[in-house]
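Below is one structure; the comments refer to it alone.
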Amino acid sequence: MATVWFCLLVFMFAMYVVLDGFDLGAGAVAFLVARTPEERGQVIGSIGPLWDGNEVWLVAAGGTLYFAFPALYAASFSGFYLPLMFVLWLLILRGIAIEFRGEIANPLWIDFWDVVFSVSSLLLAVLLGAALGNVLRGAPLNEQGWFFLPLWTNLRVGPQAGILDWYTVIVGVAALLSLALHGALWLALKTEGAVEARAKDAARLVWGGVFAATIVLAVLTPWVQPHVGERFTSQAWGWVFPFLALAGLVWARLRLTQGRALGAFLGSCAYLIGMLATAAYGLYPYVLPATTGESRALTVMNAAAAEYGLRIGLAWWIPGMLLATGYFIYVYRSFAGKVRPEGNRY
Amino acid sequence: MNTALTVHRLHFAFTVTYHYLFPQLTMGLAALLVIFKTLALRRDDEVYDRCARFWARLFGINFALGVVTGIPLEFQFGTNWAAFSRAAGGVIGQTLAMEGVFAFFLESSFLGLFLFGEQRLGRWGHWLVAVLVFVGSWLSGFFIVCTNAWMQHPVGYRLGPDGQILLESLSGLLLNPWAWWQYAHTMNGALITGCFVVASVGAFYLLSGQHEEDARRFLRVSVVVGAVATVLQIFPTGDFQGRLLAYHEPVTLAAMEGLFRTENGAPLAILGQPDMENRRLDNPLVVPRMLSFLTFRRWLAQVKGLDAFPEVDWPDNIPLLYYSYHIMVGLGTFFIAIMLTAAFLLWRGTLFRSRWMLWVLLLSLPFPYIANTAGWTTAELGRQPWVIYGLMRTADGASPMVVAGNALFTLIGFAGLYALLSVLFLLLVYREVARGPEDEAVTGAG
């Protein structure tokens, strides 16, 4: 049962990364693809009615993590205290920037919020990637199952770990690049005119970076976390996930060259899902490895809530998520079509 | 006292108090928006649609702030209250996750359509979307109150071998009798905030001679709903909450009432200052025997005072608890007087000309916010020294590895960020109120 919830949780985080990923990515590339305030309005208009719902996936995934794996939630949230608080502040600033930008038609006001929006999107992408890097590398859990990591030490991956070391920084940069690609492909799909053309150029530009970052991660991760390597050597079927990621990435490039924005965007979705599933599969059964000895690691089993709660949780989670999926399909259909530079309210 | 614990408590108190300034209005307004939309349909009255559009704009601003200040609360259970979360996450994580799955998805999906899709949806479609937003926001309130009610009055659990608190009955958790009275009281409180805000803006427009057609509708709806809601706030919802306290948390009731000694025929303190040094109420103004009657429906019933309980189980800030409670009840009583008087004038047909009454309504704007905040302060301080009543002390719930300095850093960060949000919020609300309800049809462009 705990493994079922581990899979559901990975599903929710993957949904979050795919959905909020495109609006974070759109923010990260906003100044690259949009030169005027009107064009940036077009960028924000393409995510305006959707970003809030996308972010709910993070809240719902957090809630699910909380009740299914309370020990993991407690240890990791208090251990990664400072960067999580930065994430919160950035989420606040970003949400406010999107919602309040269009309230006052003053060029200074709009420029200010555009910068806030873009910078906070960019930093969030890096921080979320670094967070994943930290989970892969593991944390110095003590005997009681707690830890507290400083922001950085000497940037080396060693016993004196910090939240930022060279490995987690690389994962953060890789996350930024892949979300920038994802966001650029979203904009290619959802906008028209100059922004669409520049978004396609940006996607072509970033693609090479994403490809290189993927190779680097594939080499480094099993070295930083040997458990991942063991998982993939012991059981062959897990290779479908990295294969999915690679196929998605290549597909995105092919479709982009053919000018098929939807296919390219879906390829990028497959890439993100494949990468996250690869990481999750590689970690399992760990949910947070310990750098202080294997016995202290948090696993799917020792971090999970009691059996009754997990079973009864499924009874409401499944219908609840079916409803939510229904709303999403309805809302995305309602806001289907391309966003023009003029006449949108953001 | 332990410094880190104090900072963690202030951290949560500050962020949750600030957050609740926004949802109390959006939950109240969500209900009033449904009423505006229903009246527009039933009476085929375009002006009610225009009223709804105006309040929807203010709803949107409040909602955005409610969302961005709400996310930190869920995170803080893990960041600042890790020991509590590890022990109780299997129980309260259920309701918090349900809030995300059932309420937030619904709310966030349909709010955009409600705010910007009026033309595309048609009148009935738009009405339905308003109802869905209302259901989403009130469901969200339910799951949060349910979580809090479990901390006040834990049910449906058993204790595991290593101090884990294990969920034993989800229906027990959701049907906690405490939750249902607390929910009724909380949501009605939100409705009162909504009514006073709508009435206050209506009074402002009438007094300053603008948008009078809309302002009369604001007042009609808010005064009628407000008159009912303010009465329900004291009885039965407040009354039953008080009686639940008397049975399950008698020490909290004694502290709230400033009752230091156990008495038969205990008096109800209206005014007075708790004097912790001398264990008495200074300058008391009391109604004899009233507390016994209100609590047990008998004039001479025995009500336990603080002296009946060991001092380690007393709430740790009795004066603040006492004042919060008295401010809440005192304001609640004033609200009834204001709303009933306004309703009487409305019925007589003179409300829109009674400048003094309009002034009272205009100036009453901040008070429901104060009353709701005082109410939550009462609930949270009253539960002390427990984080889960009778099960886990607050001192044992904080994150063991997050030291005072780190927590203070982020508390200061939140204070600065929220100061900025406050300025932006006031600026934008001022602009919307100055702009007022307009005829411009909302564009359907997404």
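The values are calculated or read from the model by the stated rules, or taken from the named source; none is laboratory data. Every value quoted in this text rests on a predicted model; they were computed, and no experiment measured them. Positions of Cβ are backbone-derived with ideal geometry, glycine not excepted, and every protein chain shown enters the neighbour counts. The protein model used for the area step is the full one, side chains on, heavy atoms only, and it has no ligands, DNA or RNA in it. Shrake-Rupley method; radii C 1.70, N 1.55, O 1.52, S 1.80 Å.
On the protein heavy atoms, probe 1.4 angstrom, tell me the percent of accessible surface of the stretch A:25-182 carried by carbon and sulfur.
72 percent
Quick check: convex hull of the Cα atoms in the protein assembly as shown, volume per residue, rounded to a whole Å³?
Values: hull volume 124.9 nm³, N = 792.
Considering the Cα atoms of the protein assembly as shown, their hull volume per residue is 158 Å³.
How many square angstrom of accessible surface are buried between A and B, both sides summed, with a 1.4 Å probe and rounding to 100? Before the final figure, lay out the partial values.
On the way: alone 16050 and 20350 Å², together 30410 Å².
Buried surface at the A/B interface: approximately 6000 Å².
From the backbone phi of the stretch B:416-428, what are the Karplus-calculated ³J(HN,Hα) couplings (6.51 cos²θ - 1.76 cosθ + 1.60, θ = phi - 60°) in whole Hz, Gly and Pro given as x?
My calculation for the stretch B:416-428 gives x, 5, 6, 5, 4, 4, 4, 4, 4, 4, 5, 4, 5 Hz in order.
Select from the stretch A:21-58 all residues whose loss of accessible area on going from the chain by itself to the full protein assembly reaches 50 Å² or more (probe 1.4 Å).
A:ASP52, A:VAL56
Let me know the mean shielding of B:278-286 by other chains, meaning the per-residue number of their Cβ atoms within 10 Å of its Cβ. Walk me through the numbers on the way to the answer.
Numbers: counts 0, 0, 0, 0, 0, 0, 0, 0, 0.
Per residue, the average neighbour count from other chains is 0.
Take peptide A:306-317, look around each residue's Cβ out to 10 angstrom, count Cβ atoms belonging to other protein chains, and average those counts. The partial results should precede the final answer.
Values: counts 10, 2, 7, 11, 2, 1, 7, 7, 0, 1, 7, 4.
The mean count of partner-chain Cβ atoms within 10 Å per residue comes to 5.
In whole percent, how big is the carbon plus sulfur part of the accessible area of chain B, probe 1.4 Å, protein atoms only? Before the final figure, lay out each step's value.
Working: 11560 of 17380 Å².
For chain B, the apolar C and S fraction of the accessible surface comes to 67 percent.
Using the heavy atoms of the protein chains alone and a 1.4 angstrom probe, what is the accessible area of chain B per residue in square angstrom? Don't skip to the answer; put the middle values down first.
On the way: 17380 Å² over 446 residues.
Computed with neighbouring chains in place, this is 39 Å² per residue.
In whole Å, what is the distance between the alpha-carbon centres of the stretch B:251-288 and the stretch B:47-68?
The stretch B:251-288 and the stretch B:47-68 have Cα centres spaced 43 Å from each other.
May I ask you to order A:157-167, B:270-280, B:371-381, A:22-32 by the average number of other C-beta atoms within 10 Å around their residues, highest value first?
Ranked by mean Cβ neighbours within 10 Å, highest first: A:22-32, B:371-381, A:157-167, B:270-280.
Using a 1.4 angstrom probe on protein heavy atoms only, which residues from the stretch B:385-407 are buried by at least 20 Å² of accessible area when all chains are present rather than their own chain alone?
Buried by the other chains: B:PRO400, B:MET401, B:VAL402, B:ASN406.
I'd like the orientation of helix A:307-334 relative to chain A: the angle between its Cα long axis and the longest Cα principal axis, in ° from 0 to 90, rounded to 10.
Long axis of A:307-334 versus the principal axis of chain A: about 10 degrees.
Would you tell me the mean number of C-beta atoms belonging to other protein chains that fall within 10 Å of each C-beta in B:63-69, as a whole number?
Working: counts 2, 6, 5, 0, 9, 11, 3.
The per-residue average across the peptide is 5.
Return a whole-number percent for the relative contact order of chain A, with Cα pairs under 8 Å and 6 or more residues apart as the contact set. Write down the numbers at each step before the final one.
Details: 508 pairs, mean separation 88.4, N = 346.
The value is 26 percent.
If one computes P(r) from the Cα atoms of the stretch A:261-321, what percent of pairs lie at distances over 17 Å?
Details: 1170 of 1830 pairs.
When all Cα pairs of the stretch A:261-321 are counted, 64 percent exceed 17 Å.
Indicate the gyration tensor shape class of the stretch A:108-215 (rounded, prolate or oblate), computed on the Cα atoms with a ≥ b ≥ c the square roots of the eigenvalues: a/c under 1.5 is rounded; otherwise a/b larger than b/c is prolate and the rest oblate. Working shown, then result.
Values: a/c = 3.24, a/b = 2.00, b/c = 1.62.
The shape class here is prolate.
Students often check this: by mean Cβ neighbours within 10 Å, which of B:321-330, B:85-94 ranks highest, and how do the rest follow? It would help to have the intermediate numbers written out before the result.
On the way: B:321-330: 21.2, B:85-94: 28.0.
Order by mean packing, descending: B:85-94, B:321-330.
Which lysines have a Cα lying under 20 Å from the Cα of A:LYS200, excluding residues fewer than 8 positions away in the same chain?
Candidates past the 8-residue exclusion: A:LYS190, A:LYS338.
Taking the C-alpha atoms of the stretch B:68-197, how large are the radius of gyration and the largest Cα-Cα span, Dmax, in Å?
Cα-based Rg and Dmax for the stretch B:68-197 come out at 17.3, 59 Å.
For B:ASP275, list long-range residues whose amide hydrogen, built 1.01 Å from N in the peptide plane, is under 5 Å from its own amide hydrogen.
It is B:ARG280, B:LEU281, B:ASP282, by chain and number.
Rolling a 1.4 angstrom probe over the protein chains, ignoring ligands and nucleic acids, what is the accessible area of A:LYS200 in square angstrom, nearest 10?
Number for this one is 40 Å².
Which of the residues in the stretch A:82-100 lose at least 40 Å² of accessible area when you go from the chain alone to all protein chains together (probe 1.4 Å)?
When all protein chains are present, A:LEU82, A:MET85, A:LEU88, A:TRP89, A:ILE92, A:ILE96, A:PHE100 each give up 40 Å² or more of accessible surface.
Nearest 500 deg cm²/dmol is fine: what mean residue ellipticity at 222 nm does the protein assembly as shown get from its DSSP H runs of n ≥ 4 alone, each adding -39,500 (n - 2.57), divided by its residue count? Don't jump to the answer; show the numbers that get you there.
Working: 29 runs with 562 residues, N = 792.
When only DSSP H runs of four or more count, the value is -24500 deg cm²/dmol.
Within the stretch A:244-318, what whole-number % of the accessible surface is contributed by carbon and sulfur, with the 1.4 Å probe and all protein chains included in the calculation?
Details: 2110 of 3180 Å².
Result for the stretch A:244-318: 66 percent of the exposed heavy-atom area is carbon or sulfur.
Taking amide H atoms as placed 1.01 Å from N in the peptide plane, list the residues 5 or more away in sequence, or in a different chain, whose amide H sits under 5 Å from that of B:ARG393.
Here the answer is B:VAL387, since their amide H atoms fall under 5 Å of that of B:ARG393.
What accessible area per residue comes out for chain A, rounded to a whole number of Å², with a 1.4 Å probe?
Details: 13040 Å² over 346 residues.
That works out to 38 Å² per residue.
Could you sort the peptides A:117-125, B:166-174 by per-residue average Cβ neighbour count (10 Å cutoff), highest mean leading? Each step should come with its number before you reach the end.
Numbers: A:117-125: 23.7, B:166-174: 18.3.
Sorting A:117-125, B:166-174 by mean packing, highest first, produces A:117-125, B:166-174.
Give the ranking of A:ARG35, B:ARG435 by solvent-accessible surface, highest area first, calculated with a 1.4 Å probe.
Values: A:ARG35 155, B:ARG435 95 Å².
From most exposed to least exposed: A:ARG35, B:ARG435.
In debye, nearest 20: dipole of the protein assembly as shown around its Cα centre with unit charges on the Cβ of K, R (+) and D, E (-)?
Its charge dipole is roughly 940 debye.
Once the Cα atoms of helix B:366-383 and of chain B are each reduced to a long axis, what angle between those two axes, in degrees from 0 to 90 to the nearest 10, is obtained?
Value to nearest ten degrees: 30.
Å³ per residue of the Cα convex hull, for chain A? Don't skip to the answer; put the middle values down first.
Values: hull volume 44.8 nm³, N = 346.
Per-residue hull volume (Cα only) is 129 Å³.
Once both axes come from the Cα atoms, what is the angle between helix B:318-348 and the longest principal axis of chain B, in degrees from 0 to 90, rounded to 10?
For helix B:318-348, the angle is close to 30 degrees.
Once Rh is set to the Kirkwood radius over Cα pairs, what Stokes-Einstein translational diffusion coefficient, in µm²/s, holds for chain B at a temperature of 20 °C and a viscosity of 1.002 mPa s? Let's see the in-between values first.
On the way: Rh = 23.3 Å.
Reported coefficient: 92 µm²/s.
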